[in-house]
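As structure tokens, the structure follows; a few thoughts come after it.
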Amino acid sequence: MQFRTHQVLAMVLAGMFASAGMAMDRGAYQSAEKSIEARAKAEQAHCERWSGDAKDVCQKDAQGREKIAKAELEAYRQPSASTDFKVREAYAETNLEVSKKSCDGLHDRARKICVEDAQAEHSRAMGHVKIAQEAQRYDNKPGERRAKVAEARREAAKDRRQAEFKAVEARCEWLHDHAKDHCIADAKRAFGQ
């Protein structure tokens, strides 16, 4: 276990030193940005082959890919923990938007379950981002770092449990009378609500 820790630390340090010299100049950045926009336009044009919900999902996915690519470009241009977190957030937001858009083709209760599942997954992803942000923010203060990361983990777990409870509660809505009440009670016990 200790050997792995040293390996990970060595890789992180090597990445920090390597990324310090990888900042882009203005011309390369503008060229890459134009390339991203051209690719996004081509993906949007590709979506025109579809119709209805499939077209909407395709377009939302293309917009998300552009958003992620721009965040990654910014992280490459100005390497920092902040830009890395923005990339993670872009992935989480894109997954949420595409998942919710794909739910539009479903009806009533199935749509509600689908959206709640998407929200639960987003909550989980954003929890990981918040924990990493707190760890990075207090990196130079080990005593405070431990407490702040533990607090961020508790908050993330609470948010995740609440989102997962809503998803299970949406599933319980399909049941009738006593079974529905029993299902919701079990969910409340399981998720500490």
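The values are calculated or read from the model by the stated rules, or taken from the named source; none is laboratory data. These numbers come from a predicted model, not from an experiment. All Cβ positions, glycine included, derive from the backbone under ideal geometry; neighbour counts span all protein chains shown. These accessible areas exclude ligands, DNA and RNA; they are computed on the full protein's heavy atoms, side chains included. Shrake-Rupley method; radii C 1.70, N 1.55, O 1.52, S 1.80 Å.
Tabulated results
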read-out	value
Carbon + sulfur, % of accessible area of the chain - ligands and nucleic acids excluded, 1.4 Å	52 percent
Coarse-grained scattering of the chain at q = 0.17, 0.19 Å⁻¹, given as base-10 log I(q)/I(0) from a Debye sum over alpha-carbon atoms	-1.17, -1.25
Per-peptide average of other Cβ atoms within 10 Å, ordering 108-115, 161-168 highest first	161-168, 108-115
Cα centroid of the range 95-121 to Cα centroid of the range 36-78, whole Å	20 Å
The chain - percent relative contact order, Cα under 8 Å, separation 6 or more	15 percent
Set K86/K141; K70/K166; K67/K112; K70/K101; K86/K188; K112/K158 screened for pairs whose C-alpha atoms are more than 30 Å apart	K70/K166; K86/K188
Added length on full extension, which subtracts the Cα-Cα distance from 0.36 nm per residue, R154 to D177	4.9 nm
Accessible solvent surface per residue of the chain, calculated while the other protein chains remain in place, 1.4 angstrom probe, Å²	67 Å²
Theoretical FRET efficiency, 1/(1+(r/R0)^6), r = Cβ-Cβ of A28 and S82, R0 30 Å, to 0.05	0.90
Point-charge dipole on Cβ atoms (K/R +1, D/E -1) for the range 107-182, about Cα centre, debye to 20	400 debye
